[in-house]
Amino acid sequence: MEFDWIDVAFDLKKITPREIEESFEDPFGLRLLPDGVEDDAKARYFNLGKSIGDRGIFTVFWSDGKNYRVILARDMTAEEVSFYERKNSEQGY
């Protein structure tokens, strides 16, 4: 998987590209497609994952199947952490 970091619209000093990429490699990470998306070419996905340093990261991204374009990345909120943990416990992790 390749990431496109050119001209991102958020501060890469708050969350580094490495941490974001690690959150995508999280074996317990969750990738979600919002409801109501009919056109795959315009689809924006959500990723909830943790970095190696255990930092919970929420990401909105676009993908063509080979390349990833991160639109937004930030720390997970308390509700997102709870959702992440609940979904993983449902899977038996």
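The values are calculated or read from the model by the stated rules, or taken from the named source; none is laboratory data. Because the structure is predicted, anything quoted here is derived from the model rather than measured. Note that each Cβ is placed from the backbone with ideal geometry, even for glycine, and that neighbours are counted across all protein chains shown. What goes into the accessible areas is simple: the full protein's heavy atoms, side chains included, and nothing from ligands, DNA or RNA. Shrake-Rupley method; radii C 1.70, N 1.55, O 1.52, S 1.80 Å.
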Sort out which residues of the stretch 41-91 are among the hydrophobic types (A, V, I, L, M, F, W, C) and part of a loop (DSSP other than H, G, I, E, B), and write them in order of number. ALA43, ILE52, MET76
How do the pairs read when you match residues in the stretch 35-57 that are at pLDDT below 95 with residues anywhere that are loosely packed, with under 14 Cβ neighbours inside 10 Å and among the basic types (Lys, Arg), using Cβ under 6 Å and keeping only pairs 6 or more apart or on different chains? TYR45/ARG31
Quickly run through the stretch 1-24 and pick out the residues that are within 19 Å of ARG55 (Cα to Cα) and of a type in the set (Val, Ile, Thr). ILE15, THR16, ILE20
Looking at (1) part of a strand (DSSP E or B); (2) open to solvent by less than 80 Å² (accessible area, probe 1.4 Å), which is the only condition ARG31 fails? (2)
Looking at ARG18, is it over 10 Å from the mean Cα position of the chain (by Cα) and part of a strand (DSSP E or B)? no
